[in-house]
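S.K.: This is the structure I want to talk about, given as structure tokens.
The values are calculated or read from the model by the stated rules, or taken from the named source; none is laboratory data. Because the structure is predicted, anything quoted here is derived from the model rather than measured. Cβ coordinates were reconstructed from backbone atoms using ideal geometry, including for glycine residues, and neighbour counts include every protein chain displayed. Side chains are part of the model used for accessible areas, which takes the heavy atoms of the whole protein and leaves out ligands, DNA and RNA. Shrake-Rupley method; radii C 1.70, N 1.55, O 1.52, S 1.80 Å.
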Amino acid sequence: MDIRRIESNEIDQMVPLRDYCFSRKYTGDKLTDYINWTKHSTSTGAFSDDMLVGQMMSLPLFQQLYQHTFKMAGVGFVGVYPEFRSGGVMKQIIKEALKLMREEEQYVSVLGPFSVGYYRKMGWEVMFDSINYEIDMRDFPEIKLDSVPVFQRFDFKDWPKEKVQTLYNEVAEMKHGWMFRDELWWERLELREADSYFVLVKDGFMRYRKSGTTFLMEDLVTKTYEAQKQLLHYITLHRSNFFKIQGVSSIHHPLNYFLTAVPCDRLVGNQFMGRIVDVEKTMSVVPVKTTTNCFYLNIQDPLCEWNDGLFKVENGKIERINDQVANDDVIIEISIQALSALFFGYKTIEELSYLNLIECSKEGLNQFSETYQFQPVEIFDHF
């Protein structure tokens, strides 16, 4: 079995593999979108006699984390033909894909899991809890506004592209975990959700779709709370058109504060998992609360040899070391998936200790907690 990057002249083999491994074949705009991304992504494959039998696509995306813009590998379209699913073929593909991610300076990776348990074994961890909500239009309250808003409505045929894209990225820069959307990503949305509408106000916009008598809120992007209220008020102007409102939020999103006072069905889900691809590059941007502590992280990452081993944290900085440590040094044992849970703010150090996912002394636990200031993320783009 040959595990390597899929070359441009082999991309045509990716479509039938994707179609076999997933429940629905792509046609029309979705097929166009998929082929477009195969040309722009780094894809890793398993080959048997030059036949592609397994694949993983890493989309070249960008994510805002700790006030830094990271190149992010958005993993998707993972599959192996059934007759090749024994012998750890997918594990070999993932290991090679992680190496290629690091070479391309994609130091974090995000995916939508088909199995949380499987990807945990590969080093990914749940990164945040999304909230899928459904509201009866009759229960949606009237929104009190400070002034009469001016609404501008568009669809993809006449939308003010530059204005919307600039506004989105300005808001994304203020968020923790949001993706930056480049031209390619907006082209993807237009192909996959061509029936979208946009409504703009002074400091924000909403992208939405219609599904029968259901109002689907796809994006709520606002700089101010007043802009959020204006866009929510816009929904109430559709009382005669829709019976229900559906959308996705998160525990930390300002919209969730509004939802807590509205009768609605809310379902918590784990739509995304995240992974640290390079420990030194990612941990070096996490805010430090104190620089007086000195301790060691002994990280287990069997798929990434550059992460697997001992790291020294001193003066608020982290570096890989090959030295032996003394018996009285503070050593914290942690897996890459547990460290990823911390980095993306999904779990605290105390929670991981309770779950026996961190092994260390009480002093080590205190020093770890005193040093880093991890923050919870939210991400809503699907790939």
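S.K.: Given the conditions (1) open to solvent by 10 Å² or more (accessible area, probe 1.4 Å); (2) in contact with a strand residue (DSSP E or B) (Cβ under 9 Å, 6 or more places away or on another chain); (3) assigned to a helix (DSSP H, G or I); (4) under 16 Å from Lys223 (Cα atoms), report the number of the one that Thr166 does not fulfil.
M.R.: Of everything listed in (1) open to solvent by 10 Å² or more (accessible area, probe 1.4 Å); (2) in contact with a strand residue (DSSP E or B) (Cβ under 9 Å, 6 or more places away or on another chain); (3) assigned to a helix (DSSP H, G or I); (4) under 16 Å from Lys223 (Cα atoms), Thr166 misses just condition (2).
S.K.: For the subset of region 24-41 comprising residues that are within 23 Å of the chain's Cα centre (by Cα) and open to solvent by 70 Å² or more (accessible area, probe 1.4 Å), which member is farthest from His382 (Cα to Cα)?
M.R.: Among those that are within 23 Å of the chain's Cα centre (by Cα) and open to solvent by 70 Å² or more (accessible area, probe 1.4 Å), it is Lys39.
S.K.: In region 336-383, what count of residues is obtained for those that are surrounded by fewer than 19 Cβ atoms within 10 Å (Cβ to Cβ), in contact (Cβ under 8 Å) with a residue 24 or more places away in the chain and of a type in the set (Gly, Ala, Ser)?
M.R.: 1
S.K.: Something else now. Which of the residues belonging to region 79-94 are assigned to a loop (DSSP other than H, G, I, E, B) and basic (Lys, Arg)? Lay out the reasoning, then the answer.
M.R.: Going residue by residue through region 79-94, those that are assigned to a loop (DSSP other than H, G, I, E, B) are 81, 85-88.
Arg85, the sole residue that qualifies.
S.K.: Among the residues of region 106-161, what is the count of those that are of a type in the set (S, T, N, Q), at pLDDT 90 or above and part of a loop (DSSP other than H, G, I, E, B)?
M.R.: Total meeting the criteria: 2.
S.K.: Identify all residues within region 270-297 that are touching a residue at least 12 places away in the same chain (Cβ under 8 Å), more than 21 Å from Tyr119 (Cα to Cα) and open to solvent by 10 Å² or more (accessible area, probe 1.4 Å); write none if there are none.
M.R.: If the condition is that a residue be touching a residue at least 12 places away in the same chain (Cβ under 8 Å), more than 21 Å from Tyr119 (Cα to Cα) and open to solvent by 10 Å² or more (accessible area, probe 1.4 Å), then Glu280, Lys281, Ser284, Val285, Pro287, Val288, Lys289, Thr290, Thr291, Asn293, Cys294, Tyr296 are the ones that fit.
S.K.: Which of the residues that make up region 323-335 are aliphatic (A, V, I, L, M) and either open to solvent by 20 Å² or more (accessible area, probe 1.4 Å) or closer than 18 Å to Ser284 by Cα (or both)? Quick ask: steps written out before the conclusion?
M.R.: Let us first name the residues in region 323-335 that are aliphatic (A, V, I, L, M), namely 325-326, 330-332, 334.
Result: Val325, Ala326, Ile331, Ile332, Ile334.
S.K.: Tally up the residues in region 176-204 that are part of a strand (DSSP E or B) and over 16 Å from the mean Cα position of the chain (by Cα), please.
M.R.: Of the residues in region 176-204, the ones part of a strand (DSSP E or B) are 179-180, 197-201, 204.
Okay, now just the ones that are also over 16 Å from the mean Cα position of the chain (by Cα), so 197-201, 204.
Number satisfying all stated conditions: 6.
S.K.: Same structure again: Could you look through region 176-205, keep only residues that are open to solvent by less than 50 Å² (accessible area, probe 1.4 Å), in contact (Cβ under 8 Å) with a residue 40 or more places away in the chain and not hydrophobic (A, V, I, L, M, F, W, C), and pick out the one that is nearest to Thr224 (Cα to Cα)?
M.R.: That would be His176.
S.K.: Give region 61-106 a look and list any residue that's polar (S, T, N, Q) and open to solvent by 40 Å² or more (accessible area, probe 1.4 Å), or say none.
M.R.: So in region 61-106, the residues polar (S, T, N, Q) come out as 63-64, 67, 69, 86, 92, 106.
Once the filter is applied, which keeps residues that are polar (S, T, N, Q) and open to solvent by 40 Å² or more (accessible area, probe 1.4 Å), region 61-106 yields Gln67, Thr69, Ser86, Gln92.
S.K.: Picking from Leu267, Leu259, Leu232, Leu237, which residue would you name as being free of Cβ contacts under 8 Å to residues at least 24 places away in the same chain and of a type in the set (A, V, I, L, M, F, W, C)?
M.R.: Working: Leu267 fails: free of Cβ contacts under 8 Å to residues at least 24 places away in the same chain; Leu259 fails: free of Cβ contacts under 8 Å to residues at least 24 places away in the same chain; Leu232 fails: free of Cβ contacts under 8 Å to residues at least 24 places away in the same chain.
Result: Leu237 is the single residue among Leu267, Leu259, Leu232, Leu237 that is free of Cβ contacts under 8 Å to residues at least 24 places away in the same chain and of a type in the set (A, V, I, L, M, F, W, C).
S.K.: Name the single residue, out of those in region 301-322 being under 13 Å from Ser335 (Cα atoms) and not acidic (Asp, Glu), that is surrounded by the most Cβ atoms within 10 Å (Cβ to Cβ).
M.R.: So the residue we want is Asn307.
S.K.: Can you tell me which residues in region 234-259 are open to solvent by less than 20 Å² (accessible area, probe 1.4 Å) and within 12 Å of Leu216 (Cβ to Cβ)?
M.R.: Ile235, Phe242, Ile245, Gly247
S.K.: Filter region 214-233 down to residues that are open to solvent by less than 60 Å² (accessible area, probe 1.4 Å) and either part of a helix (DSSP H, G or I) or out of contact with any strand residue (DSSP E or B) (no Cβ under 6 Å at 6 or more places or on another chain) (or both), then give me how many there are.
M.R.: Qualifying residue count for the region: 9.
S.K.: I'm checking my understanding of the structure. Among residues of region 42-60 that are open to solvent by 10 Å² or more (accessible area, probe 1.4 Å), more than 12 Å from Gln13 (Cβ to Cβ) and modelled with pLDDT of 95 or more, which one is farthest from the chain's Cα centre (by Cα)?
M.R.: If we filter region 42-60 for residues that are open to solvent by 10 Å² or more (accessible area, probe 1.4 Å), which is where we start, we get 42, 48-51, 60.
Now drop any that are not more than 12 Å from Gln13 (Cβ to Cβ), which leaves 42, 49, 60.
The next check asks that each one be modelled with pLDDT of 95 or more; those that pass are 42, 60.
On the way: Thr42: 18, Pro60: 13 Å.
Result: Thr42.
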